[in-house]
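Q: Below is a structure I'd like to ask you about.
The values are calculated or read from the model by the stated rules, or taken from the named source; none is laboratory data. Since the model is a prediction, treat every value here as computed from it, not as a measurement. Here the Cβ positions follow ideal geometry from the backbone for every residue, glycine too, while neighbour counts run over all protein chains shown.
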Amino acid sequence: MTVPTTGATTATTEAGRGFGIDIGGSGIKGGLVDLATGELVGDRLRIDTPRPATPDAVADVVAEVVGAFGWDGPVGVTLPSVVKRGRARSAANIDPSWIGRDADVLFAGRLGRRPTEVAVLNDADAAGMAEMRFGAPEGRAGVAVLLTFGTGIGSALFLDGRLVPNTEFGHIEIDGIDAEKRAAASAKDTEGLTYPEWAERVDRYLTVLDNLLSPDLYIVGGGVSRKAEKWVPSLTVDTPVIAASLLNNAGIVGAAAAAAEGLAH
Ligand code: BGC
């Protein structure tokens, strides 16, 4: 666990700051965000995701993270799930008991806030929102698809910087198989693939997406985007591919922005 340098002394009313939490399969990460620059203010705090990752157990950790910073403003929270008006609608890589849960109401209750002070959104949508605001400017023109490669594949679709939420392109079926089962970063790890072997799968995946969407740009994120030079140059898909610029903290930053802007309500 990283201890936040910001601590409980943080002035929660400081203008221009927000708070985001990114819920993933292995860790729950949160931090204070400077909404003008998209940078974290101080360190983030990461706590292992409880197992099983039931809504109540996860909400306890969310409250612990927010409490550690002494933050009492609006909070943005990501889930690796379709989220519509605060309600989780799918659970590909999280506990199935999330399906149908009003996540905004749950977190608001634990945090002592009104549901309108908590924005819950899909993790890839949050990462994409952060990239649109603070990443490479070319993403803001035309049709851009942000993809996060991790346990699954998350997607966020943008037209001129505006999000079309909950796209779930990681679950497009290719050769009868859910795409993320073959092309997520977790497949590379569990099957012991080299970068070139895995890049071939990603290439095939992007080619299928190309045929469906004809986008102007792919932005690839997730942990593997840190090693983009090992696999992005070998992709042959027609559409340009760039690595995400916010790396690990994109979900936190996007969630904080969503909460500040009230986008989820
Ligand atoms: C989920 C998406 C999520 C992605 C990345 C997929 O399995 O269906 O909602 O964005 O994983 O976490």
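Q: Could you go through segment 156-179 and let me know if any residue there is within 21 Å of Gly20 (Cα to Cα) and among the small types (Gly, Ala, Ser).
A: yes
Q: Among the residues of segment 185-204, is there at least one that is in contact with a Ser or Thr (Cβ under 6 Å, 6 or more places away or on another chain), more than 13 Å from the ligand (Cβ to nearest atom) and of a type in the set (A, V, I, L, M, F, W, C)?
A: yes
Q: Identify the residue in segment 80-132 that is in contact with a strand residue (DSSP E or B) (Cβ under 8 Å, 6 or more places away or on another chain) and among the polar types (S, T, N, Q) and, among all such residues, is farthest from Gly254 (Cα to Cα).
A: This residue is Ser81.
Q: Quick check on Leu209: is it under 25 Å from Asn249 (Cβ atoms) and either among the acidic types (Asp, Glu) or at pLDDT 95 or above (or both)? Give the derivation first.
A: On the way: under 25 Å from Asn249 (Cβ atoms): no; either among the acidic types (Asp, Glu) or at pLDDT 95 or above (or both): yes.
It is false that Leu209 is under 25 Å from Asn249 (Cβ atoms) and either among the acidic types (Asp, Glu) or at pLDDT 95 or above (or both).
Q: Got a number for residues in segment 66-83 being among the β-branched types (Val, Ile, Thr) and either modelled with pLDDT under 95 or within 16 Å of the ligand (Cβ to nearest atom) (or both)?
A: 4
Q: Search segment 151-170 for residues being charged (D, E, K, R) and assigned to a loop (DSSP other than H, G, I, E, B), and hand back the single one that is nearest to the ligand (Cβ to nearest atom).
A: Glu168
Q: What number of residues in segment 91-109 are within 16 Å of Gly25 (Cα to Cα) and touching a Pro at 6+ places or on another chain (Cβ under 9 Å)?
A: Total meeting the criteria: 7.
Q: Which ones in segment 80-100 are closer than 14 Å to Ala59 by Cβ and surrounded by fewer than 22 Cβ atoms within 10 Å (Cβ to Cβ)?
A: Asp95, Ser97
Q: (1) crowded, with 23+ Cβ neighbours inside 10 Å; (2) in a loop (DSSP other than H, G, I, E, B); (3) of a type outside the set (D, E, K, R); (4) out of contact with any Pro (no Cβ under 8 Å at 6 or more places or on another chain): which one isn't true of Val77, the others all being true?
A: Result: Val77 passes all but (2).
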